[in-house]
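What follows is calculated from the coordinates using simple rules that are stated; it is not laboratory data. No experiment lies behind these values; they were computed from the predicted model shown. Quick reminder, even Gly has a Cβ in these numbers, built from the backbone with ideal geometry, and neighbours come from all protein chains shown.
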Amino acid sequence: MKSLIKRTIVTGFLVLCVGALSGCGKNRVKSPDETTAPAKVSASTETEIITETETTKAPSTAAQSTAISDSENATKESLKELGFIYNGKTITLLDFTDDQKMEAMLGKAEDTKTHTYSSSDGLNMDQLIGKTEKQYLYPGLVIKTIDAGENNKSYIYQIEITGTQYTTVRNVKVGDSFETLKEAYPEGNLIGGELSNEEDDFRFEEEDYANVMNFHIKNKKVSSIQIYSLID
């Protein structure tokens, strides 16, 4: 009888232990790795995400090319203003040229002069050392070129007009009144501020101030026109 009671107690104890162990297994708390691990992303999906991000951040080559093209076109348009007309031909600042082109546009020059800049010429034009300036002299007109362009090409960097046979693109010439000049170039500025009997200069220039058209005023009329580009 006593042995039966002992077996019953032991069996009951074992049942309790098994039940407790089973409950612990069901109520086990999952580790952070098991509950929060993200789903794996396929290699192709990762590539699509990276590509989309890069496309969003970087402007397209086409957009960059368009911006550059627009800027270049704007520069070319503004330079068209900085020139003069003779016999139906327009000669513009920064035009590439040579002896043949000059003769084709303006005829044979009365005279030409050349000067190659050096450190000993006393002109203090260090940025032009080794470069050659050439002057073409015509009646009432002097055009200066410099071989400072790409591949040492010569281009027009200064135009001096004193003759009445040359007109600007806006049809102003030497001898015109200041009123005519101001009407043609309303965005220009009189350096002295107000028109007077004194000599003065009326300046029309690009936004970067590198390319300029200067009208010298004497007796309230245009006495000369100078168009030039500043060379760094």
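Tell me, in nm to one decimal, what length is gained between residue 208 and residue 85 on full extension, where the rule is 0.36 nm per residue of separation less the Cα-Cα distance?
Net length gain for the segment: 41.9 nm.
State the extension gain, in nm to one decimal, for the chain segment bounded by residue 165 and residue 121, taking 0.36 nm per residue of separation less the distance between their alpha-carbons. It would help to have the intermediate numbers written out before the result.
On the way: separation 44, 0.36 × 44 = 15.84 nm, distance 3.49 nm.
Difference between extended and current length: 12.3 nm.
Considering region 67-169, what Rg and Dmax in Å follow from its alpha-carbon atoms?
For region 67-169, the Cα radius of gyration and maximum Cα-Cα distance read 14.9, 44 Å.
Using a cut-off of under 16 Å, list every residue of region 84-110 whose amide N is near the label point 7 Å from the Cα of residue 153 along the Cα-to-beta-carbon line.
Once the point is set 7 Å along Cα→Cβ of residue 153, 92-102 turn out to lie under 16 Å by backbone N, inside region 84-110.
Looking only at Cα atoms, what is the convex hull volume of region 191-232 per residue, in Å³? Spell out each step's value before the answer.
Values: hull volume 2.9 nm³, N = 42.
Convex hull of Cα atoms, per residue: 69 Å³.
With charges only on Cβ, +1 for K and R and -1 for D and E, what is the dipole size of region 148-202 about its Cα centre, in debye, rounded to 20? Could you put the intermediate results ahead of the total?
On the way: 4 positive and 11 negative charges, 83 e Å.
That gives region 148-202 a dipole magnitude of about 400 debye.
Work out the length of the dipole vector of region 67-169 about its Cα centre, built from +1 on the beta-carbon of each Lys and Arg and -1 on the beta-carbon of each Asp and Glu, and round it to the nearest 20 debye. Walk me through the numbers on the way to the answer.
Numbers: 10 positive and 16 negative charges, 43 e Å.
With Lys and Arg at +1 and Asp and Glu at -1, about 200 debye.
Would you work out the charge dipole size for region 108-216 about its Cα centre, treating the Cβ of every Lys and Arg as +1 and the Cβ of every Asp and Glu as -1, and quote it to the nearest 20 debye?
Details: 10 positive and 21 negative charges, 132 e Å.
Approximately 640 debye in magnitude.
Within 10 Å of each residue's Cβ, count the other Cβ atoms and sort 114, 132, 97 from fewest upward. Numbers along the way, then the final one.
On the way: 114 9, 132 15, 97 19.
Least to most surrounded, the residues fall as 114, 132, 97.
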